[in-house]
Amino acid sequence: MDKAGIREVAKAAGVSISTVSRAFTRPELVSERTRRKVLDTADRLDFNISRSATALKSGQTYRVAMLMNEEITSWFNMEVFAGINSVMHDAGYDISLFQHVDTGENRRDFFTNLPVRRNVDAVFVTSFGVEPEEIQQLQRIHVPIIGINTPSQEGFDATISIDDEDGMFSSAQHLINLGHKNIVYVCSDAVDSINSSIDARGQGFIRACKTMEGTHDFKWRVLSVPRGKTFADSALTALLALDEFPDGICCQTDMMAIPLVLRLDRYGHRTPRDYSIIGFDDSAYADTVNLTTIRQDPFAMGRAAARKAVKLIAGETLENPYEVVRAQLVLRGTDSVYGGDR
């Protein structure tokens, strides 16, 4: 069945073609009641303004969408955006940003309205999982969907991700091999409304501990705190409340590890003298505080994802649409052999 065009939408909504066009491109010139009627009709007829007669002759809008579950100001999202932009800008594309696609309400609004309200030639999804019905909504745009550090490849035309679980496995394994006896994984609670890629890191920690507890003498536990802006403060409080302070700490992110290094020192716990701590990401300031961490490169992933998008938009077939990059353990100064320096 052929997709509806702008004429069919105008006829079904009982308005002129120019009104349909303005409802999408100049909404301030259309009453809210008329605009809602046009949008509802367009949604029912599976009409997409980017493929309508108002699009460029090439059929492209030269705009892509980037979906994220946090603010663009987070280290990961800024790096991914910079990587995508370094490719898409030169190819003549603008990037529309959609932040905080993380609550149930935001997700419903976004995935329902994007197909009829946005002009995009590709969609990038960063660091969170997309449900099958949401993938179906995105597929209504009839453009490539590219995942960056998404928990799953399912439903995407291409993805590039690090192996979060394997990275944290390496982190825990390193501390165990150094001889630490009391190891804690500090993380933020998982959120029901969103499947975040960082949640897989806890699985890596648990797997490493269960794998090695038969050959090494140590104890371990997972310390989970509420997710949000105060998660580092909550982690500090939870650690200090333990009956026995750990000699090895794996952190879900550098943004948890770095504040802990600085604040624990005020309470007499100094790394690496008293405990080892390993972060995850190798983000901004990790090198400044000499933090041992697991390195990923979101800028490079953004560039790789953008290159895939450009080829898919052009109708080309990708040789390697789904890539997994191994995270790297970076040894600095916050880990030591139990009872002495490394």
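The values are calculated or read from the model by the stated rules, or taken from the named source; none is laboratory data. The structure presented is a predicted model; accordingly, all values stated were derived computationally and were not measured. When we count neighbours, we look across all protein chains shown, and the Cβ atoms used for this are built from the backbone with ideal geometry, even at glycine. Heavy atoms of the whole protein, side chains included, go into the accessibility calculation; ligands, DNA and RNA do not. Shrake-Rupley method; radii C 1.70, N 1.55, O 1.52, S 1.80 Å.
Can you tell me which residues in segment 231-243 are assigned to a helix (DSSP H, G or I) and hydrophobic (A, V, I, L, M, F, W, C)? Even if it seems obvious, please write down each step before you answer.
Just the residues of segment 231-243 that are assigned to a helix (DSSP H, G or I), to begin with: 231-240.
Passing the criteria: F231, A232, A235, L236, A238, L239, L240.
All told, D217 falls short of being surrounded by fewer than 20 Cβ atoms within 10 Å (Cβ to Cβ), among the charged types (D, E, K, R) and closer than 14 Å to M256 by Cβ. For segment 175-192, a residue qualifies if it is surrounded by fewer than 18 Cβ atoms within 10 Å (Cβ to Cβ) and among the β-branched types (V, I, T), and exactly one does: V191.
The strands (runs of 3 or more DSSP E) found wholly in segment 244-342 and carrying at least 2 residues that are closer than 17 Å to F156 by Cβ and touching a residue at least 40 places away in the same chain (Cβ under 8 Å) occupy 322-325. Scanning segment 73-109 for residues that are of a type in the set (D, E), closer than 25 Å to G228 by Cα and at pLDDT 85 or above yields one hit, E79. Given G167, G204, which one is touching a Ser or Thr at 6+ places or on another chain (Cβ under 8 Å), closer than 21 Å to E323 by Cα and part of a helix (DSSP H, G or I)? The unique qualifying residue is G204. Of everything in segment 227-243 that is open to solvent by less than 20 Å² (accessible area, probe 1.4 Å) and closer than 26 Å to S161 by Cβ, the residue that is nearest to the chain's Cα centre (by Cα) is A232.
Can you name the residue in segment 221-230 that is part of a loop (DSSP other than H, G, I, E, B) and of a type in the set (D, E, K, R) and is also nearest to R207 (Cα to Cα) among such residues? The selected residue is R227. For segment 114-127, the set of residues classified as modelled with pLDDT of 75 or more, among the hydrophobic types (A, V, I, L, M, F, W, C) and either touching a helix residue (DSSP H, G or I) at 6+ places or on another chain (Cβ under 7 Å) or part of a helix (DSSP H, G or I) (or both) consists of V120, A122, V123, F124, listed by residue number.
Of the residues screened, F205 is not one that is open to solvent by less than 10 Å² (accessible area, probe 1.4 Å) and closer than 21 Å to F299 by Cα. In summary, S224 fulfils each of the numbered conditions (1) in contact (Cβ under 8 Å) with a residue 40 or more places away in the chain; (2) surrounded by 14 or more Cβ atoms within 10 Å (Cβ to Cβ); (3) under 22 Å from G129 (Cα atoms) with the single exception of condition (1). Looking only at residues of segment 31-54 that are farther than 18 Å from T112 by Cα and modelled with pLDDT under 85, we find that the one that is least open to solvent (accessible area, probe 1.4 Å) is S52.
When residues in segment 145-163 are screened for being under 30 Å from F218 (Cβ atoms) and either open to solvent by 20 Å² or more (accessible area, probe 1.4 Å) or out of contact with any strand residue (DSSP E or B) (no Cβ under 9 Å at 6 or more places or on another chain) (or both), 2 of them pass.
Within segment 297-317, track down each residue that is of a type outside the set (D, E) and either modelled with pLDDT under 95 or open to solvent by 30 Å² or more (accessible area, probe 1.4 Å) (or both).
Initial filter on segment 297-317 (of a type outside the set (D, E)): 298-315, 317.
F299, A300, R303, R307, V310, K311, L312, I313, A314, G315, T317, listed by residue number.
Residues in segment 120-144 that are among the charged types (D, E, K, R) and touching a residue at least 40 places away in the same chain (Cβ under 8 Å) were compared, and the one that is surrounded by the most Cβ atoms within 10 Å (Cβ to Cβ) is D121.
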